[in-house]
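Below: one structure, written as structure tokens.
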Amino acid sequence: MGGASAGANLAAAAALRLRDEDMWVPDQLVLVYPMMHLTSPNLLSRFGTP
């Protein structure tokens, strides 16, 4: 599953929703230029401050 820009966001959201509902999930995601919230607590804890 993959996408570029806004499509990458949709692919990521769809994969997370499928995972949360215990349905089929893709083996890989190809996300090209996804928009990310750089001050997200999850990103900050993994990668440090932007």
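Brief remarks on what is shown
- Screening the candidates Pro26, Pro34 for the property of being in a loop (DSSP other than H, G, I, E, B), open to solvent by less than 100 Å² (accessible area, probe 1.4 Å) and modelled with pLDDT under 80 yields one hit, Pro34.
- Taking residues in the range 3-26 that are on the phi > 0 side of the Ramachandran plot, and partners anywhere that are among the aromatic types (Phe, Trp, Tyr), the pairs with Cβ atoms closer than 8 Å and at least 6 places apart or on different chains are Ser5/Tyr33.
The values are calculated or read from the model by the stated rules, or taken from the named source; none is laboratory data. Model, not experiment: these values are computed from the prediction. Note: ideal-geometry Cβ built from the backbone for every residue, glycine included; neighbour counts use all protein chains shown. For the accessible areas, the whole protein counts, side chains as well, though only heavy atoms, and no ligand, DNA or RNA atoms are used. Shrake-Rupley method; radii C 1.70, N 1.55, O 1.52, S 1.80 Å.
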